[in-house]
Amino acid sequence: MIFKVCGMRDPENIRRIDLSGADWMGFVFYPPSPRRVESLPAFMPEYARRVGVFVDEPVENIQVRAKEFGLDYLQLHGSESPDDCLRLQDRGLRVIKAFRIGTAGDLEATAAYEAACSYFLFDTKTPAYGGSGKTFDWTVLDAYRGQTPFLLSGGIGPEHVRALKAFRHDRLVGYDLNSRFEQAPGIKDVEKITRFIQDMKCKK
């Protein structure tokens, strides 16, 4: 399973999370977000893959940020079209398209993106773009019959280990961790992250 820690910006926190067992690390480029990163941090992850989070940003701007930050993946959280995703993928950039899920009907939009993305991310349906701290009913994902692998997001916290282990889906490949592991916006509790990853990997 992939463990993605999102909303990083503090150099020392980045360094410590990079050693926590996290596989991917997310950097938010959405201006209204309290976790927004405006310039390249003094330390960037050496082990974890780098994911840039964008909301309706022009493709050209995304490319500039991808080069500046050495991004491995682009997580698109807005109303980006399948064509937008394909344009980025055609330029060698791997795309994660986020969808806000409240009911099984919200999954219908994924079909148009099947050939345009490397991964999907299923987040809680709220007015905000991520970081809400709210979960959704994961059983609605039973209706997802697509071929694109997905990460589960939305209010995941340390208390969800047992429920996450019990949840099964053939296309589930990872978890997106954010606000429920924070000490402050953009500052993650390293001990909680490390313990969560260890608990999730434990067979018991």
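Read the figures in this text as sums done on the coordinates, not as results from a lab. Keep in mind that this is a model prediction, so the values were computed, not measured. Glycine also receives a Cβ, built like all others from the backbone with ideal geometry; neighbour counts cover every protein chain displayed.
Here are a few things to note about the model shown:
- Stretchable slack from residue 16 to residue 61, in nm (0.36 nm times residue separation minus alpha-carbon distance): 13.3 nm
- Estimated from helices alone, the mean residue ellipticity of the chain at 222 nm is -6500 deg cm²/dmol (sum of -39500 (n - 2.57) over DSSP H runs with n ≥ 4, per residue).
- By average C-beta atoms within 10 angstrom, highest first, the peptides 152-163, 51-62, 31-42: 51-62, 152-163, 31-42
- Centroid-to-centroid separation of segment 103-181 and segment 31-102 [C-alpha atoms, Å]: 18
- Distance between the pseudo-spin-label points of residue 39 and residue 194 (7 Å out from Cα toward the beta carbon): 3.1 nm.
- Taking amide H positions as modeled 1.01 Å from N, with prolines and chain starts lacking one, the residues under 5 Å from residue 94 and 5 or more places away or on another chain are 74.
- Restricting attention to the chain, close to 5% of DSSP beta bridges with both partner residues there are antiparallel.
- Potential extension, residue 94-residue 171 segment - 0.36 nm per residue separation minus Cα distance: 26.0 nm
- Placing one equal scatterer on every Cα of segment 2-201 and applying the Debye formula, the log10 ratio I(q)/I(0) at q = 0.08, 0.13, 0.14 Å⁻¹ is -0.23, -0.65, -0.76.
- The mean sequence separation of alpha-carbon pairs under 8 Å and at least six residues apart, normalised by the residue count of the chain, gives a relative contact order of 21 percent.
- Considering only 93, 151, 164, the mean-square fluctuation computed in a Gaussian network model of the chain, springs between alpha carbons under 10 angstrom, is largest for 164.
- Least to most buried among 47, 119 (fewest other Cβ within 10 Å first): 47, 119
- The length gained on full extension between residue 161 and residue 125, counted as 0.36 nm times the residue separation minus their Cα-Cα distance, comes to 10.8 nm.
- Placing dummy labels 7 Å off each Cα toward the beta-carbon, the span from residue 83 to residue 106 is 2.7 nm.
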